[in-house]
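Peer 1: First the structure, which I've put down as structure tokens, then a few questions once you've had a look.
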Amino acid sequence: MATVYDLKSRFQDLLRPIVRALARAGITANQVTLAALALSVLAGLAIALWPAAGLPLALLPLVLFLRMALNAIDGMLAREHHQQSALGAVLNELGDVVSDLALYLPFALVPGVSPVAVVGLCLLAVIGEMTGVVGVQIGASRRYDGPLGKSDRAVLFGTLGLLLGIGLAGPVFANWVLAVALLPAALTIFNRARKALAEVREGRP
């Protein structure tokens, strides 16, 4: 099943000149990872502090795009400029989960939006990322299968934030979208576990 993650290689090609410039300037992958985390926390804090205001929600797509770019850049710096490290791997995985929670949990404070649906979707997202990492633990690759991976969640919440922020949609619409999204979020967990187990079985003699 195709996901937004499948466009990653094309996006990386566009970012490669920026990555080279950052490497020449001495910027490290871990610094970029922490910058993405800080951006996410600040943007989520703005939504949490002013949940009834439109601007923090409307700016969410821009924040998510910048975060996506930073996440791609830190990976490219690590792989293509010999900056891979154990600390970087830890920061990358934990940073993604913390950033997701920082950006999406504040939706539960937006007037009229269902806290149960928001928290439920965030919980499934965390379990999904954990399932992807568990693939490595059992001898498979880190699984990024969809249909609702990190990039797809960004599109979902970014679109909702924009529509809510500029008044083109209300909480009732948001609640329906969030409720429907619970199914692909759960399916993502199942797909990642199934693909990881299949990969391990195929790798055995």
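The values are calculated or read from the model by the stated rules, or taken from the named source; none is laboratory data. Only a predicted model underlies this, so the values are computations on that prediction, with no experimental measurement involved. Positions of Cβ are backbone-derived with ideal geometry, glycine not excepted, and every protein chain shown enters the neighbour counts. Please note that ligands, DNA and RNA were not included when accessible areas were found on the heavy atoms of the full protein model with its side chains. Shrake-Rupley method; radii C 1.70, N 1.55, O 1.52, S 1.80 Å.
Peer 1: Scanning for something among the hydroxyl-bearing types (S, T, Y) and farther than 20 Å from L37 by Cβ, does segment 96-112 turn up at least one residue? Step through it out loud before you land on a result.
Peer 2: To start, the set of residues in segment 96-112 that are among the hydroxyl-bearing types (S, T, Y) comprises 99, 104.
After this cut, where a residue has to be farther than 20 Å from L37 by Cβ as well, the list is none.
Looking for residues that are among the hydroxyl-bearing types (S, T, Y) and farther than 20 Å from L37 by Cβ, one finds none in segment 96-112, hence no.
Peer 1: Is it fair to say L183 is under 21 Å from the mean Cα position of the chain (by Cα) and open to solvent by 50 Å² or more (accessible area, probe 1.4 Å)? Spell out the reasoning first.
Peer 2: Details: under 21 Å from the mean Cα position of the chain (by Cα): yes; open to solvent by 50 Å² or more (accessible area, probe 1.4 Å): yes.
Judged against the criteria, L183 is a match.
Peer 1: Could you pull out every one of the helices (runs of 4 or more DSSP H) wholly within segment 45-151 that has 3 or more residues that are open to solvent by 50 Å² or more (accessible area, probe 1.4 Å) and in contact (Cβ under 8 Å) with a residue 12 or more places away in the chain?
Peer 2: Details: elements: 54-58, 60-80, 86-104, 115-137.
Of the helices (runs of 4 or more DSSP H) lying wholly inside segment 45-151, those with at least 3 residues that are open to solvent by 50 Å² or more (accessible area, probe 1.4 Å) and in contact (Cβ under 8 Å) with a residue 12 or more places away in the chain span 60-80, 86-104, 115-137.
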